[in-house]
Amino acid sequence: MAEDIWEDSEARKNVENVFNRETIEALFDLSEDGHFDVLHGIVKDGKESRLCIAEKFNRGEQSNFIAAKIYAVEASNYQNMQQYLFGDPRFEGIKHNRRSIIFNWCRKEFKNLKKAESLGLNVPSPIAFEKNVLLMEFLGEDFRPAPRLNELELENPETALDYLVDAMDRLWNEEKLVHGDLSAFNTLIWQSQVYLIDFSQAVLTHHPQAEELLERDVENVLNHFRKTYDIERGTDDVVETITG
Ligand SMILES: Nc1ncnc2c1ncn2[C@@H]1O[C@H](COP(=O)(O)OP(=O)(O)OP(=O)(O)O)[C@@H](O)[C@H]1O
Ligand SMILES: [Mg+2]
């Protein structure tokens with residue numbers, strides 16, 4: 001095979017960005033720990049991660065399907081991640097190299113999901129993590145992830161918007177957390193409920209950019225409901241109610 005065909009191929013990109021030796025070892029460890037039996041493959045290509053489906057057999061009963069989010073180590077913009085990690089007491093003393101930053105990015109998503117879950121919010125339940133691999137509940141069925149908010153038309157958009165505003169409020173006030181990348185793209189609709197996903201960027205409220213990030217989250221969410229459903233709410237009002 002000509003070398004440039006391999007160089008330019010999708011196959012190479014997937015192997016080198018995702019299934020490198022370290023990732024395979026992390027997956028192996030998670031499987032050895034009993035979290036899953038089979039890894040089925042990639043169902044979503046994110047900017048900095050791939051989402052795979054894994055299956056855990058249940059003797060005599062239906063299997064459980066879980067999501068394995070694999071952060072690309074080589075392809076990630078890890079410089080950009082640093083501003084969301086440093087200054088957070090949960091990540092004090094971590095090393096500044098690429099691997100350490102990506103592994104902590106993954107650990108951060110796990111911890112943030114735990115916080116959101118502890119409030120009883122709709123998020124994929126986090127299961128475990130190892131290096132650059134995060135295991136969590138899979139939202140969807142038949143190997144298809146649940147649709148994103150931007151991909152469908154809701155029958156009760158007001159209810160969904162109220163839920164998202166309340167979720168931002170409770171994260172901010174009860175867990176001192178701001179999602180930081182909330183939008184119709186990081187919101188799934190599953191079994192008629194709104195779910196928040198993609199928490200790796202979330203920071204504590206004492207982070208210097210916390211208020212700015214909250215404002216951006218509120219604006220992203222309100223813009224979607226304004227454009228799609230003609231629902232008018234003011235960003236400043238919502239932010240003020242949350243930060244009170
Ligand atoms: N637990 C889950 N269950 C089902 N689908 C999921 C789950 N987590 C993520 N997804 C799907 O995978 C996509 C990418 O995941 P996520 O947003 O967490 O990663 P990302 O690397 O930040 O991606 P992007 O850069 O596209 O936002 C999501 O938009 C969603 O469609
Ligand atoms: Mg995302």
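Computed from the coordinates by the stated procedures, all read-outs in this text should not be read as laboratory data. Quantities reported herein were computed from a predicted structural model and do not represent experimental measurements. All Cβ positions, even for glycine, are placed from backbone atoms using ideal geometry, and neighbour counts span all protein chains on display.
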Item checked: Residue list for the range 45-68, restricted to those being charged (D, E, K, R) and closer than 19 Å to residue 30 by Cβ -> 50, 55, 56
Next item on the list: Would you be able to tell me the number of residues in the range 45-80 that are of a type in the set (Gly, Ala, Ser), closer than 21 Å to residue 101 by Cα and part of a strand (DSSP E or B)?
Entry: 2
Notebook entry, point to check: Can you tell me which residue in the range 118-139 is surrounded by the most Cβ atoms within 10 Å (Cβ to Cβ), limited to those that are near ligand 1 (Cβ under 10 Å from one of its atoms) and free of Cβ contacts under 8 Å to residues at least 60 places away in the same chain?
Noted result: 126
Margin query: Among the residues of the range 97-150, what is the count of those that are under 22 Å from residue 19 (Cα atoms), among the hydrophobic types (A, V, I, L, M, F, W, C) and not in a strand (DSSP E or B)?
Written below: 8
Check: Which ones in the range 14-65 are of a type in the set (Gly, Ala, Ser) and over 22 Å from the mean Cα position of the chain (by Cα)?
Finding: 34, 60, 63
